[in-house]
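Just so it is clear, none of the values below were taken in a lab; they were calculated from the coordinates. Computed from a predicted structure; not experimentally measured. Heads up, the Cβs are rebuilt from the backbone with ideal geometry, glycines too, and the neighbour counts pull from every protein chain shown.
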Amino acid sequence: MTIGIIGAMNEEIALLLEALTDKHEVQAAGTTYYTGILYGQNVVICKSGVGKVNAAVTTQVMIDRFDVGKVLFTGVAGAVDPELNIGDIVISSACLQHDMDVTPLGFKRGEIPYQEESIFAADPALVQLAQTVCESRFPGRYRTGIVLSGDQFIASRDKVRELHETFQGACTEMEGSAVAQTCARNSLPFVVIRSMSDRADGSADMNFAEFTVMASKHSHLIIQDMLQSM
Ligand code: ADE
């Protein structure tokens, strides 16, 4: 079975690509997909690009062209839960789109109109595996919670507080829920694993620039351990 691994930015997949053996490149829909063996598993890796559309398209291509059986999304995020520190990890229990807003028509914030599901649950076995790995690599520095996605870089204390109060989210980023929704439509298991590069507040832009490489290293170690335990 091939495992799909997606990150949004170069930093988020660079370490994975360095470790990939038997590497082949395939171009599809404007993205390079790298197939090969990573830590003993058949994988396909890609950089989705930023945002929900890019994430959904690349996930669907992985499913259609590379027949992936599960999808891991890795990268950085802004902490929404005030107890999280930069460098800490969030494992998705579920993902939702915080910028889906059809409230004028009577729908709830984050609710996708006219469909059953708006909160996409991650695969329990993948969540459990990620938790086991984090418990040994980063004890006390991870939590399992809701990943909020939107096509917005959040950099305001008021906005991040509002996201926490409205959705009880753990972190915010720009792709996870699109991956989750695409996997749900295809009945495929997924998990999103994010390391905190910032607190989505007034310092988020500076922190993001400073801490993305360190946070990406944390995500890489978790993916490495997960693949080795599968
Ligand atoms: N990814 C990393 N930090 C983020 C933030 N503050 N908002 C959205 N996506 C992010």
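Membrane-span-like helices in the chain, defined here as complete DSSP H runs extending at least 27 Å along the helix axis by their C-alpha atoms with mean Kyte-Doolittle hydropathy no lower than -1.0, are 204-229; this is a sequence and geometry rule, not a statement about a membrane.
What whole-number volume per residue, in cubic angstrom, does the convex hull of the C-alpha atoms of the chain give?
Taking the convex hull of the Cα positions in the chain, it is 110 Å³ per residue.
Looking at the chain, the DSSP beta bridges with both ends there are about 40 percent antiparallel. A dipole drawn for the chain from +1 and -1 charges on Cβ atoms has a positive end, and of Val71, Thr32, Ser149 the residue lying farthest that way is Val71.
Can you tell me how the range 69-156 classifies by the Cα gyration tensor, rounded, prolate or oblate, using a/c under 1.5 as the rounded cut? Oblate, since a/c reaches 1.5 and b/c is not below a/b.
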